[in-house]
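The values are calculated or read from the model by the stated rules, or taken from the named source; none is laboratory data. Bear in mind that the values here come from a model prediction, so they are computed numbers and not experimental data. FYI the Cβ positions are ideal-geometry reconstructions off the backbone, even for glycines, and counts take in every protein chain you see.
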Amino acid sequence: MATCYSIQAVECIMSNENSLSLDQLNDRIAILEGNIRQLIEQAAAASGEQNEERIADRINQQNEELERLLKVREARLKE
């Protein structure tokens with residue numbers, strides 16, 4: 001099972017997006033998609049309101065980053 005990247009790693013990705021090649025950007029997108037799938041699986045198995053909230057927050061954060069990187073990729077493909 002894949003390991004989710006930490007918030008620090010995602011922030012690093014965010015700060016370096018302009019220097020990423022299209023292949024690297026696609027890799028980051030694939031990582032985020034995998035993280036989201038894993039978090040959804042964790043949410044389905046989670047018990048307790050606190051765990052569910054924490055996982056929901058992580059899913060939202062990963063989805064926001066995914067949407068942002070998809071927009072960056074779309075803009076690059078139009079260049």
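Summary table below
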quantity	calculated
Candidate set from the range 61-79 (those that are under 14 Å from Asp23 (Cα atoms) and of a type outside the set (Asp, Glu)); member that is surrounded by the most Cβ atoms within 10 Å (Cβ to Cβ)	Leu69
Checking Ala30 against (1) of a type in the set (A, V, I, L, M); (2) surrounded by fewer than 12 Cβ atoms within 10 Å (Cβ to Cβ); (3) modelled with pLDDT under 90, the condition it does not meet	(3)
Qualifying position, being surrounded by 17 or more Cβ atoms within 10 Å (Cβ to Cβ), of a type in the set (D, E, K, R) and over 18 Å from Asn18 (Cα atoms), among Arg58, Arg37	Arg58
